[in-house]
1. Restricting the first residue to region 111-131 and requiring it to be more than 25 Å from residue 80 (Cα to Cα), which pairs with a second residue that is away from the ligand (no atom under 14 Å from the Cβ) and among the charged types (D, E, K, R) meet a Cβ separation below 7 Å and a spacing of at least six or different chains?
2. When the residues of region 40-72 are filtered to those that are assigned to a helix (DSSP H, G or I) and surrounded by fewer than 16 Cβ atoms within 10 Å (Cβ to Cβ), which remaining residue is nearest to the chain's Cα centre (by Cα)?
3. Is there any pair with a first residue in region 68-97 that is basic (Lys, Arg) and a second that is assigned to a helix (DSSP H, G or I) whose Cβ atoms are under 8 Å apart and which are 6 or more apart or on different chains, and what are they?
4. Restricting the search to region 75-96, which residues are part of a loop (DSSP other than H, G, I, E, B) and closer than 14 Å to residue 26 by Cβ?
5. If I filter region 167-177 for residues that are part of a helix (DSSP H, G or I), buried (at least 21 other Cβ atoms within 10 Å of the Cβ) and touching a strand residue (DSSP E or B) at 6+ places or on another chain (Cβ under 7 Å), do I get at least one hit?
6. Among all residue pairs at least 6 apart or on different chains, which show Cβ distances below 6 Å where the first residue, located in region 10-38, is more than 9 Å from the ligand (Cβ to nearest atom) and the second is among the polar types (S, T, N, Q) and not in a helix (DSSP H, G or I)?
7. Out of 106, 151, 137, which single residue is assigned to a strand (DSSP E or B) and either within 16 Å of the ligand (Cβ to nearest atom) or out of contact with any Asp or Glu (no Cβ under 6 Å at 6 or more places or on another chain) (or both)?
8. Give me a count of the residues in region 86-100 that are within 6 Å of the ligand (Cβ to nearest atom) and hydrophobic (A, V, I, L, M, F, W, C).
Amino acid sequence: MDQNELKELVGKEAVKFIKDGMVVGLGTGSTVKFMVDALGDRVKNEGISIIGVPTSDRTADQARSLGITVKSVDEVDHIDLTIDGADEISSDFQGIKGGGAAHLFEKIVATNSTKVMWIVDESKMVDQLGAFPLPLEVIPYGSTQVYKKLEKEGLHPKFRMDADGKHVLTDSKNYVIDLHLGEINHPHELADYLIKQVGIVEQGLFLDMVNTVIVGRQNGPEVLQ
Ligand code: 5RP
């Protein structure tokens, strides 16, 4: 199986954990896209009724197009389960997210969820976090000053730009700075430092917040808890 097939495999596996009547956080990214497709199939074929709480405009559009009822995080009083992708996951279930520039909304939805599940192909499982650049969502105003400070701290920042050389914008119209760290030895300390910097709205380390990981392996999906 290639990477896309592994993503589809875990997307299909994840929707088995969704029960009729649940409020479900819907993450963002190519793996989640497969999961939302599979959820749409269940809604259509089995008639299950769920409320989806999307973490991006992209996911909201996809869910609506498949007939899934969508509400914002502020319109629900709880979220039973959030299913999301990840860019890197260490063996102790810490992760990096934000490759799709949605980590602010993803973290808001995850921290308001009773349970959080990540779905990934096996290439995302790592011994140590940090090879994947750590995304930061930053307010455009003053972002060059934030960038310079991060550079001075030796954190190897890079603004995320699109193919036309324009800043990639989040759904909140903020910029993204990626930190090219190579390895992250003290994720909690780094997360604390970053979130204290004025102008950084959210950082992409998701620590101590996931209950279940489904890994797409060549011999089938592996559920880790
Ligand atoms: C978006 C994310 C995604 O979940 C993460 O980038 C994984 O994406 P994909 O499933 O496309 O590999 O954090 O902000």
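1. Partner pairs satisfying both residue conditions: 122/217; 128/183; 130/183.
2. The residue in question is 57.
3. What qualifies is 97/103; 97/106; 97/107.
4. 76, 85
5. Within region 167-177, none of the residues are part of a helix (DSSP H, G or I), buried (at least 21 other Cβ atoms within 10 Å of the Cβ) and touching a strand residue (DSSP E or B) at 6+ places or on another chain (Cβ under 7 Å).
6. These pairs meet every condition: 25/82; 25/113.
7. 137
8. Total meeting the criteria: 1.
The values are calculated or read from the model by the stated rules, or taken from the named source; none is laboratory data. Small disclaimer: the values here were computed from a predicted structure and weren't measured. Ideal geometry is used to build each Cβ from the backbone, glycine not excepted, and the neighbour counts take in all protein chains shown.
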